[in-house]
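FYI, it's all coordinate maths here, none of it is from the lab. Since the structure is predicted, the reported quantities are computational estimates derived from the model, not experimental observations. Cβ placement follows ideal geometry from the backbone for every residue including glycine, while neighbour counts extend to all protein chains displayed.
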Amino acid sequence: MKKLYVVVPCYNEEETLVDSTYKLTQKLNSLISDKKITEDSRIYYIDDGSKDSTWALIEKLHNENSFVNGIKLSKNRGHQNALLAGLMSVKNECDCCITIDADLQDDINSFDEMIEKFEQGYEIVYGVRNDRKSDTAFKRGTAQLYYKILSFFGAEIVYNHADYRLMSSRALDALESFKEVNLFLRGLIPLIGFNSCTVEYSRKERLYGETKYSLKKMVALALDGITSFSVKPIRMITVTGFFSLLLGVGMLIYSLVQWKLGNTIRGWTSLIWSIWTVGGLELLALGIIGEYIAKIYLETKARPRFIIEKVLDDKGEDGKKCK
Ligand code: UDP
Ligand code: MG
């Protein structure tokens, strides 16, 4: 039996919290009676600087319901930071945790399968949507395009997985060794490695309240996803610079031939050649500077260079070590 914490970020979720707490409590109770989790398992709410009565509600629920614990962030820091705050707070309290949005659009009935997978030795279990029927055509289209762009730029993410997942406390320890501030957990967590698998579910519509992900927040998250995991855009500048310099050389030959054939007016040859060559040189120089910036950028992230999954030594230790 495992001690489970359900980590739930909440931003202005007063409409949905009572219902969600009721459903989560039922779920935890049924998992406890099935002997899948221990009785001291908890629901862990993170109030992400809500402007409505979310925190007062969490306090009330905490007093009424022994499953409910929570923390309050000093101001709105966004979904990803709220999630991380929750994960780092429960890290040493539980054997595993499941993160889920407060509206429970993700199917809580997948908890059973996730916990089974954890018992089988998987340290990260990704919840993956098996359809996108509950999305608007706009969200469906942009999401698909986004996955394509991300994989083009080389970020390793799980297709159709948002932040609904189970993580072992060991995986949480490893996550702690990533120090970056521009968080995109969906890209970061696969970098941890360890045994992982997926569980499919069907996502429901939001029952209460409105989406807390404004278009602005969504675009910011999407950009973070690309710029936090790839220096490919910089590499593209270098490559473009190199090719436009080559084109400059081609233009030199072409304009000299045209000049020799007498097809040009005065000044055209030197002007056209310079435009191409100087343009190419500038772009290439920018790209080279970019390559150095990319290196600095990767260094400043101070990501762990390795994470040890298993150790065989005299102490028989089987733990995580990061460097
Ligand atoms: N959320 C948060 N901080 C924010 C925005 C959202 O903690 O600044 C939480 C929100 O309360 C919810 C989750 O992130 O639990 C996902 O938000 P939502 O369900 O509105 O997103 P959608 O399902 O529409 O993509
Ligand atoms: Mg939602």
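Sorting Ile296, Ile234, Ile115, Ile189 on the 10 Å Cβ count, fewest up front, what's the list?
Arranged by neighbour count, lowest to highest, Ile296, Ile234, Ile115, Ile189 become Ile296, Ile234, Ile115, Ile189.
What is the angle, in °, between the Cα long axis of helix 54-64 and the longest principal axis of the Cα atoms in the chain? Nearest 10 is fine, range 0 to 90.
30 degrees
For segment 102-148, build the charge dipole from Cβ charges (+1 Lys, Arg; -1 Asp, Glu) around the Cα centre, then report which of Tyr126, Gln144, Ala102 sits farthest towards its positive end.
Gln144
First measure r as the distance between the Cβ atoms of Lys310 and Lys232, then evaluate 1/(1 + (r/R0)^6) with R0 = 35 Å and state the FRET efficiency to the nearest 0.05.
That pair, Lys310 with Lys232, gives E of 0.60.
Cut-off is 10 Å between beta-carbons; in what order do Phe118, Phe153 appear when sorted fewest neighbours first?
Ascending Cβ contact count within 10 Å gives the list Phe153, Phe118.
Could you list Leu298, Leu57 so that the one with the fewest beta carbons within 10 Å of its beta carbon is first and the one with the most is last?
Exposure proxy ranking, most exposed first: Leu298, Leu57.
Give me the one-decimal nm value for the distance between modelled label points at Asn63 and Phe243, 7 Å along each residue's Cα-to-Cβ direction.
6.6 nm
Compute the separation of the alpha-carbon centres of segment 69-143 and segment 219-274 and state it in Å as a whole number.
Here the answer is 46 Å between Cα centres.
Charges on Cβ only, +1 for Lys and Arg, -1 for Asp and Glu, centred on the Cα centroid of the chain; of Ser202, Ala85, Thr227, which one is farthest towards the dipole's positive end?
The listed residue farthest towards the positive side: Thr227.
Determine which aspartates and glutamates satisfy two conditions relative to Lys232: a Cα distance under 12 Å, and not lying fewer than 8 residues away in the same chain.
Glu291
Considering Cα pairs under 8 angstrom that are at least six residues apart, work out the relative contact order of the chain and quote it in whole percent.
Dividing the mean separation by the residue count of the chain yields 17 percent.
Of the listed pairs Lys148/Lys295; Lys27/Lys133; Lys139/Lys216, which have alpha-carbon separations greater than 19 Å here?
Result: Lys148/Lys295; Lys27/Lys133 exceed 19 Å.
Extension gain Thr136-Lys260, at 0.36 nm per residue separation less the Cα-Cα distance, in nm?
38.4 nm
With just the Cα atoms of segment 113-209, tell me how far they stretch along each of the three principal axes, in Å, largest first.
For segment 113-209, the Cα spread along each principal axis is 38, 32, 27 Å.
Out of all DSSP beta bridges with both ends in the chain, state the antiparallel percent to the nearest 5.
30 percent
When N counts the residues of segment 1-156, how does its alpha-carbon radius of gyration compare numerically with 2.2 N^0.38 Å, as a ratio?
In units of the 2.2 N^0.38 Å rule of thumb, it is 1.10.
To the nearest 0.05, how large is the calculated FRET efficiency for Met88 and Ser270 if R₀ is 56 Å and r is the Cβ-Cβ distance?
For Met88 and Ser270, the calculated efficiency is 0.35.
For segment 135-193, which trypsin sites (Lys or Arg not before Pro) are in a loop by DSSP, counting at most 15 other Cβ atoms within 10 Å?
Filter output for segment 135-193: Lys179.
What's the angle, to the nearest 10 degrees (0 to 90), between helix 17-33's Cα axis and the longest principal axis of the chain?
70 degrees
In a shell of Cβ-Cβ distance under 14 Å around Asn160, excluding Asn160 itself, what net charge do Lys and Arg (+1) and Asp and Glu (-1) give?
So the environment of Asn160 carries a net charge of +3.
Under 10 Å, Cα contacts only: if you run a Gaussian network model on the chain, which one of Lys117, Lys295, Lys51 comes out with the highest mean-square fluctuation?
Lys295
Given R₀ = 56 Å, FRET efficiency for Tyr22-Glu282 by Cβ-Cβ distance, to 0.05?
For Tyr22 and Glu282, the calculated efficiency is 0.35.
Okay, helix-only estimate at 222 nm for the chain: each DSSP H run of n ≥ 4 adds -39500 (n - 2.57), divide by all residues, round to 500 deg cm²/dmol; what do you get?
-16000 deg cm²/dmol
Only bridges with both residues in segment 99-204 count here: give the DSSP antiparallel percent, nearest 5.
40 percent
Can you tell me the 0 to 90 degree angle between the C-alpha axis of helix 79-90 and the longest principal axis of the chain, rounded to 10?
50 degrees
Let me see the P(r) profile for segment 226-323: every Cα-Cα distance counted, bins of 5 Å, each bin given as a percent of all pairs.
3, 12, 13, 11, 10, 9, 8, 7, 6, 5, 4, 3, 3, 2, 2, 1, 1, 0
Can you list, bin by bin at 10 Å, the percent of alpha carbon pairs in the chain, starting at 0?
Final binned percentages: 5, 21, 27, 19, 10, 7, 5, 3, 1, 0.
Once you've got the Cα coordinates, tell me which of Lys2/Lys301; Lys2/Lys91; Lys51/Lys212 are over 24 Å apart.
Among Lys2/Lys301; Lys2/Lys91; Lys51/Lys212, the Cα-Cα distance tops 24 Å for Lys2/Lys301.
What percent do you get for the relative contact order of segment 202-306 when only Cα pairs under 8 Å and 6+ apart count?
Once normalised by length, the contact order is 36 percent.
When the chain is fully extended, how far beyond the present Cα-Cα distance does Leu215 get from Thr300, taking 0.36 nm per residue of separation?
27.7 nm
Sorted by average packing, counted as other Cβ atoms within 10 angstrom per residue and highest first, what order do 260-268, 191-199 take?
Taking the mean over residues of other Cβ atoms within 10 Å, the ranking is 191-199, 260-268.
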